[in-house]
Amino acid sequence: MNTVVINQVSKRFGDTIAVDNVSFHVAPGEIFGLLGPNGAGKTTTIRMMLGILQPDSGYIEVFGGPMTEEKKNRVGYLPEERGLYADLKLMDVILYLASLKGMSRKTAVSRAETYLKQLDLWEHRHKKLNALSRGMHQKAQFIVTVLHDPDLIIVDEPFSGLDPVNTQLIKNMLLDMRTQGKSIIMSTHQMHQVETMCDRIVLINRGRVMLEGEVKEVRRRFAGNTIEVSGNGSFAHLPHVIHAEQHNGIWHLALDETTTPHNFLRELMHQDDIEIEHFSIALPSLNEIFIRIVGENTEVNQ
């Protein structure tokens, strides 16, 4: 059973259509990327998923049915905006919010100690939130999000304000939660993190789904007539090569429209002065795909 099902959901605010016939699902044990530019409808979709807003049409299922107060205790949500009580001490805030999720104080204290030490916040546990750095505050919000061991974790820009070391810490924790069977929805503009972490994505723009699928399949879908090749020989001056660049020993060759990567490889195999060590179709980054899809949609609507 899918953890989340969004089926033909729409939401309007006055004359503005925030979400327009959006559909996707999220399975247990996967990290799902909910992507899109600012104002695309991502936050509205999340708020409908959490039962904060109700869709005008379509339906949403979480854990097999409508969201309930009981189900909310199985969800952890890290919003992009900081929402903790800034004038209270870190440990007090963690324990208070844990109690709202139905956790006993004993369990909450034990788990809080584990997470605070793991994220290098233990010595700051008696400091007020407004005395913490931006990165510390972000880690505190992450602890509050996952302390009650939720089955569905929704994180909006989870790496905001974090240095590379702490980014890797949070990343590893999320990947570990995925192996535990958690469903994780990640909304971020850091496309390189999406490429390395997400199993599937949906790209929303102007409230509509523009792209959906497995990350690897999406990148293959947008692969152009460019290849990556390494070995011995003069690759830059071969027939059908219209542009050539070399980085770290790998040639990136753009081919003309009269050939395909498959046909070009067959021709290479018959070149006596060429020795091939590596050959692959160059896949575009998700960042390139994002810019292309959003840019084309923006031009159409101007």
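At-a-glance table
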| read-out | value |
| --- | --- |
| Residue match in region 65-77 (condition: over 30 Å from ASP163 (Cα atoms), surrounded by 12 or more Cβ atoms within 10 Å (Cβ to Cβ) and among the small types (Gly, Ala, Ser)) | no |
| All helices (runs of 4 or more DSSP H) inside region 189-302 with 1 or more residues being modelled with pLDDT under 90 and surrounded by fewer than 18 Cβ atoms within 10 Å (Cβ to Cβ) | 215-221, 261-268, 286-300 |
| Test: ASP120 is modelled with pLDDT under 95 and either outside the structural domain of SER187 (by TED's automatic domain parsing) or farther than 26 Å from VAL202 by Cα (or both) | no |
| Filter pass, ILE31 being in a strand (DSSP E or B), closer than 13 Å to VAL202 by Cα and in contact with a Phe, Trp or Tyr (Cβ under 7 Å, 6 or more places away or on another chain) | no |
| Condition broken by TYR59, with the remaining ones in (1) touching an Asp or Glu at 6+ places or on another chain (Cβ under 9 Å); (2) assigned to a strand (DSSP E or B) satisfied | (1) |
| Selection status of SER183, under 10 Å from the mean Cα position of the chain (by Cα) and buried (at least 20 other Cβ atoms within 10 Å of the Cβ) | no |
| Filter result for VAL229 (touching a helix residue (DSSP H, G or I) at 6+ places or on another chain (Cβ under 8 Å), under 30 Å from ILE153 (Cα atoms) and of a type in the set (Val, Ile, Thr)) | no |
| Neighbours by Cβ (under 6 Å, 6+ apart or cross-chain): first from region 239-251, of a type in the set (Val, Ile, Thr); second surrounded by fewer than 14 Cβ atoms within 10 Å (Cβ to Cβ) | ILE242/ASP256 |
| Any hit, region 112-120, residues being among the hydroxyl-bearing types (Ser, Thr, Tyr), surrounded by fewer than 14 Cβ atoms within 10 Å (Cβ to Cβ) and either in contact with a Gly (Cβ under 9 Å, 6 or more places away or on another chain) or assigned to a helix (DSSP H, G or I) (or both) | yes |
| Pairs with Cβ under 7 Å, 6+ apart, first in region 24-36 and assigned by TED's automatic domain parsing to the domain that holds VAL4 and among the small types (Gly, Ala, Ser), second modelled with pLDDT of 95 or more and part of a loop (DSSP other than H, G, I, E, B) | ALA27/ASN2; ALA27/THR3; GLY29/GLY181; GLY33/CYS198 |
| Options MET91, MET67, MET136, MET103: the member that is touching a residue at least 12 places away in the same chain (Cβ under 8 Å) and assigned by TED's automatic domain parsing to the domain that holds CYS198 | MET67 |
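Listed here are the residues, each with its yes/no results for (1) of a type in the set (A, V, I, L, M); (2) outside any helix (DSSP H, G or I); (3) free of Cβ contacts under 8 Å to residues at least 40 places away in the same chain.
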position	(1), (2), (3)
ALA140	yes, no, no
ILE154	yes, yes, no
LEU162	yes, yes, yes
ASN166	no, no, no
LYS171	no, no, yes
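The values are calculated or read from the model by the stated rules, or taken from the named source; none is laboratory data. All values derive from a computational prediction rather than experimental measurement. Note: ideal-geometry Cβ built from the backbone for every residue, glycine included; neighbour counts use all protein chains shown.
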